[in-house]
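These notes concern the structure reproduced below.
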Amino acid sequence: MGKPKPTKQSIQHIIRRPNQTSAASAKPVAKPALIYPRTALIRFRFTAPLHLSNIRPDDYGVSERVVHSDSLTAAIFQAWAMLGRTDLIPGNAGSSAEPGFVVSSLFPFYEHRQVKNVEQQGPVYFWPKPFFRNTKTEQVDLKPGEAKKYKKVQYVDTDHFLAYLNQTAPPEGGTDNLHGAFQSKVMPKDYADFLTADVQTRLTKPRDESEPTPYYIERLYFRYDSGLWCLVQYDSVDAEKHVKAALTYLADEGIGTDRSVGNGQFEPAFCELPDSFQFPQSGSYGVNLSLFCPEDYGQLAQLMGHIGEQTDPAVRYELVQRGGWLSEPHNTLRKRSVQMFRPGSLFRLPSSATYTRAGRLVDIRPVAEDDKPAPHLPAHPVWRDGRAIWLPVNLK
């Protein structure tokens with residue numbers, strides 16, 4: 001038998017309001033005091049297939065490969081609402097302007113388990129391939145087809161990522177480190193398929209008993225104890241408690257699309273940062289690990305390194321449109337769209353330090369046309385999270 005599904009009542013005690021106490025609560029065990037704000041790591045091991053919708057409506061045939069930071073924040077907000085804690089969501093009565101946490105986008109990881117003769121211990125974390133070059137990479141003459149292999153890379157392991165941040169020589173191996181969309185020196189060749197997909201045929205049955213309409217949905221599968229992971233920055237012990245309660249609730253509710261048939265369920269693991277995350281402590285540039293929306297034009301100009309009408313030539317970025325549809329009971333309404341900078345972009349970030357935070361929440365709820373009354377529209381904000389976690393980059 002599977003584990004019992006958590007109920008609202010079983011989770012609500014975790015995020016009890018300050019004036020609520022539990023008579024049956026046990027005496028806490030003394031632990032070393034944590035200093036906030038602090039940064040930690042969350043792993044998601046999926047126990048069911050996963051589908052991540054793109055911006056095209058009614059197109060389920062292709063799934064996105066990444067859960068962006070704004071989607072994870074929205075899922076946490078939705079969980080808080082379902083648990084009766086709308087006061088934790090910005091824009092609601094009694095809430096603060098900030099939710100008390102920031103997350104990165106979710107990236108893949110895998111772990112060597114029950115595999116012989118493997119030196120690497122613990123999970124192998126992948127990061128978004130930065131949009132800037134590592135100037136210490138040796139320029140060699142590539143054989144026909146090898147350049148295309150490098151262009152296919154979307155994620156790099158921690159050693160390669162650190163080489164980008166520090167602008168140092170990458171791990172040896174060259175094209176032997178390329179495994180499709182992944183670049184890693186420690187990944188065995190037979191682990192390159194830890195993220196797989198298949199397409200399932202489904203039917204839509206109209207209520208008027210007319211002919212069913214087939215459609216297709218791509219579902220992602222994670223093998224070899226793999227899954228997705230993210231960084232999270234907590235502002236306080238209460239914020240950490242609230243985020244963990246939301247993810248505990250979402251573990252059985254699922255994330256992504258088609259959750260009603262069990263897709264997107266996962267087991268969360270709340271971890272401290274590994275010792276291998278030895279990032280630069282400062283730098284004149286920064287790379288974002290979350291979707292990023294500037295707070296205002298002044299901040300954007302600063303990050304672009306504007307001097308008059310000129311932009312810092314080292315700045316590199318890519319834009320992505322974020323929008324989508326509202327959930328129940330407004331699931332026939334489309335959100336407004338906003339452009340954000342993808343993770344892996346490079347900006348000039350004055351006084352950059354490890355895990356710097358920058359960006360803002362954006363309300364993209366639909367608006368009424370011609371100032372007409374619209375009681376069918378949601379009265380609460382609909383947030384897209386453009387606050388990003390940044391790491392310093394030491395460009396020479």
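Just so it is clear, none of the values below were taken in a lab; they were calculated from the coordinates. Remember, it's a predicted structure, so these values are computed and weren't measured experimentally. Using ideal geometry, Cβ is built from the backbone for each residue, glycine included, and neighbour counts are taken over all protein chains shown.
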Quiz item: When all C-alpha to C-alpha distances in the range 224-288 are sorted into bins of 10 Å, what percent of pairs does each bin hold, rounded to whole numbers?
Solution: 15, 37, 32, 14, 2
Practice problem: Quote the relative contact order of the range 119-187 in percent (integer), defining contacts as alpha-carbon pairs under 8 Å separated by 6+ residues. | Solution: 38 percent
Practice problem: Return the Cα extents of the range 119-187 along principal axes one, two and three, sorted largest first, each rounded to a whole Å. | Solution: 35, 23, 21
Quiz item: Ranking Ile35, Ile89 by Cβ neighbours within 10 Å, fewest first, what do you get?
Solution: Ile35, Ile89
Practice problem: Between Ser236 and Lys189, with labels modelled 7 Å along Cα→Cβ, what's the label distance in nm to one decimal, could you check? | Solution: 5.5 nm
Quiz prompt | Cα centre as origin, Lys/Arg/Asp/Glu Cβ charges: the range 119-187 dipole, Debye | solution = 380 debye
Quiz item: Considering amide H positions built from the backbone, and no H for Pro or chain starts, which residues 5 or more places from Val156, or on another chain, come under 5 Å of its amide H?
Solution: Trp127, Lys129, Gln183
Exercise. Would you order Glu309, Glu146, Glu111 from fewest to most other beta-carbon atoms within 10 Å of each residue's own beta-carbon?
Key: Glu309, Glu146, Glu111
Quiz item: Across the Cα atoms of the range 151-244, what radius of gyration and what greatest pairwise Cα-Cα distance (Dmax) are found, in Å?
Solution: 20.9, 65
Quiz item: Under a 5 Å amide H to amide H cut-off, with H placed in plane at 1.01 Å, what residues pair with Arg38 once short-range neighbours are removed?
Solution: Tyr234
Quiz prompt | Mean Cβ count within 10 Å, highest first, over the residues of peptides 356-367, 241-252, 272-283 | solution = 241-252, 356-367, 272-283
Practice problem: Mind listing the long-range amide H neighbours of Val393? Cut-off is under 5 Å, sequence gap 5 or more, other chains count too, H placed in the peptide plane at 1.01 Å from N. | Solution: Ser284, Tyr285, Gly286, Val287
